[in-house]
Amino acid sequence: MQNKSEILFEKGIENFKKKNFIEAEKCFEELKNDHPTNKDILKNLSLCYFQNKKFKNCENVIKLMFNHGLKEKKLIEFLLLVLKKQDDVNQILKLISEEKNNIDQKYELLEKFERPAITMDAEETENYRSSSIEKVNKALVNNNLRLNVDSQFLDPPLFYYSYDKKDNLIFAKKLNELFRKTYYELSQKIEINKFKNEKIKIGFVSAYFKDHTISKLFKGLIFNLDKSIFDTNVFHLDNGNEIDDEFFEKEKENKIKILKLPKLFKEKVNFILNQNLDIIFYPDIGMSTQLYYLTFLRLGKKQITSWGHPETTGNFNMDYFLSSKLLEINFEEAQKHYSEQLLLSDYLPMYFFKPKVKKIEDSELLSSNSYSCPQTLFKLHPDFDEIIIKILQNDSKAKIYFINDKEKCFSKKIYERLKKKIPNKIDKIHFLNKMTEEEFINHCGRTSVLLDPLYFGSGNSFHESMFYGTPTVSMPTKYLRSKIVEGAYKQMRVENPPIVKDLDNYVSLAIEIANTEPKQNLERKKYYSELANQNLYENKEALKSLEKILIDVASK
């Protein structure tokens, strides 16, 4: 006959299998009280905490297991994941150093460039950067690691460095070289088939063709390429996420072909090579972990990337970076920031569909003193805090909105960062939960003014916000990643757009817009929205410009 603990354990396992993680957690917490050193109970409790996003609790249980002598490879690596979920890089680096002989060798590579998504001040940002550059330089001289892509892959290394205010070209090249030396599959020589296609055969490769910014930015181009000239192919991962239904509809209309990539790296490489592509187009290098490694190899006659992630790759096998004359004003100066050859469209490099949402009443768009920065939180460099502080100091009625990250880890760090600087104003800061596309666009419409982050600005979200026309204040730098809003205003043909050159002007203009009489601000919103309808959304001239560029590339 089963005792009470055995019955409770089985109940916990059953709930976990059914994904009733909260109930499972209760079972294992109760069991832990009676059996505080039981390995199976502690393991299952840590898994429940992880599923319930109680990462600190999960961390504590794993460390308790260590204290009881239950330290093993999988558990150490699980703790590294839990620390990553908390953006606790100090502990990650310490643990890798202490346990490097007991964990996968890939963590020895990770240690060279790992950094937090959210740093607490500009000094910390710079310290991590300089330390990583130094470690990468040393590793390039003395690197004995040999890793396998399928079993030992890491996230793309440059990603969070793109949100700093620095030129990343040299660092990108060095990281690219380090990965080539470490992952043996990335140095293979590949012969490209010179087979002549009847049409220009182009392949778009991304992991983000479902419910994602990348899909929104590039599907207009993919769907509308002239099929008398282009044979358009869409490659995506076999990860259960599939792609947006619109892609399958376009396949039924014979406008595109959809190809699911195999699971293993070598199979992916051979699968793409067998398509004999004239152009392989990666919209977002540096975002997808699995697809990042493909970009090291030449899998098409010509290889292009673009502004899905607006950063150079440092990759000598990537031929072109597609940008815009609206974003790269001085070609020679702009080219200095890229390892790829710049291609400049006459318009923003996309065909963006107007959002399809049910409009809210004008009365809901009448707002004042409402500021929002509805961006992914790792875009918020510590320097941006100065703007928030000055707005709150100079507008007593201000309310400032951000959007929570999925795990609410980044928002917690941003909140603590701001609380240290403005403890008496912190009640003016509000974090909203994740929204649907329609909720997001309506939120932008209800806001008085939108705040563009300093060094990595908005792109897709700006285009969506123009459904209602809420003005975004932006302060672009010389790098593409901060210039999308400026370029969009140019394409819209906005006279005197809210583009500024310094922090004080940013703050004063944001406050001025937020305090504009609501009906007057509504008129400005409608004016911007109308210009977006005319020039930003579904711009056929932009499509023609992009088609011409792709035709020229294929002919080279």
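The values are calculated or read from the model by the stated rules, or taken from the named source; none is laboratory data. Since the structure is predicted, the reported quantities are computational estimates derived from the model, not experimental observations. Here the Cβ positions follow ideal geometry from the backbone for every residue, glycine too, while neighbour counts run over all protein chains shown.
Structural remarks
- Residue in the stretch 111-129 that is among the hydroxyl-bearing types (Ser, Thr, Tyr) and surrounded by fewer than 18 Cβ atoms within 10 Å (Cβ to Cβ) present: no
- Criterion (more than 25 Å from residue 376 (Cα to Cα), of a type in the set (Asp, Glu), in contact (Cβ under 8 Å) with a residue 40 or more places away in the chain and not assigned by TED's automatic domain parsing to the domain that holds residue 336) met by exactly one of 121, 150, 155: 150
- Leading residue by the ranking (surrounded by the most Cβ atoms within 10 Å (Cβ to Cβ)) among those in the stretch 344-390 that are touching a Lys or Arg at 6+ places or on another chain (Cβ under 9 Å) and β-branched (Val, Ile, Thr): 388
- Positions within the stretch 509-539 being buried (at least 16 other Cβ atoms within 10 Å of the Cβ) and among the hydroxyl-bearing types (Ser, Thr, Tyr), in sequence order: 516, 528, 529, 537
- Scanning the stretch 460-499 for residues that are polar (S, T, N, Q) and under 20 Å from residue 215 (Cα atoms) turns up 460, 461, 465.
- Candidate set from the stretch 362-415 (those that are in contact (Cβ under 8 Å) with a residue 40 or more places away in the chain and among the small types (Gly, Ala, Ser)); member that is farthest from residue 517 (Cα to Cα): 372
- Residues satisfying the stated conditions in the stretch 233-250, i.e. surrounded by 15 or more Cβ atoms within 10 Å (Cβ to Cβ), over 21 Å from residue 551 (Cα atoms) and touching a strand residue (DSSP E or B) at 6+ places or on another chain (Cβ under 9 Å): 236, 237, 242, 243, 247, 250
- Subset of the stretch 221-232 (residues that are surrounded by 21 or more Cβ atoms within 10 Å (Cβ to Cβ) and touching a strand residue (DSSP E or B) at 6+ places or on another chain (Cβ under 8 Å)): 222, 225, 230, 232
- Just one of the listed residues (341, 393) is in the same structural domain as residue 435 (by TED's automatic domain parsing) and surrounded by fewer than 18 Cβ atoms within 10 Å (Cβ to Cβ), namely 393.
- Scoring residue 364 on the criteria (1) at pLDDT below 95; (2) under 21 Å from the mean Cα position of the chain (by Cα); (3) of a type in the set (Asp, Glu) leaves a single failure, condition (2).
- When 226, 167, 211 are checked against the criterion of being under 30 Å from residue 378 (Cα atoms), outside the structural domain of residue 434 (by TED's automatic domain parsing) and modelled with pLDDT of 95 or more, 167 stands alone in meeting it.
- Matching helices (runs of 4 or more DSSP H) fully within the stretch 103-173 where at least 2 residues are of a type in the set (Lys, Arg): 106-113, 122-141
- Selection of the stretch 303-320 for residues being crowded, with 23+ Cβ neighbours inside 10 Å and among the hydroxyl-bearing types (Ser, Thr, Tyr) yields 305, 306, 312, 313.
- Here residue 300 meets each of (1) within 30 Å of residue 476 (Cα to Cα); (2) crowded, with 21+ Cβ neighbours inside 10 Å with one exception, condition (1).
- All positions within the stretch 396-413 that are touching a Phe, Trp or Tyr at 6+ places or on another chain (Cβ under 7 Å) and in a helix (DSSP H, G or I): 410, 411
- Check on residue 268, surrounded by 14 or more Cβ atoms within 10 Å (Cβ to Cβ) and closer than 22 Å to residue 349 by Cβ: no
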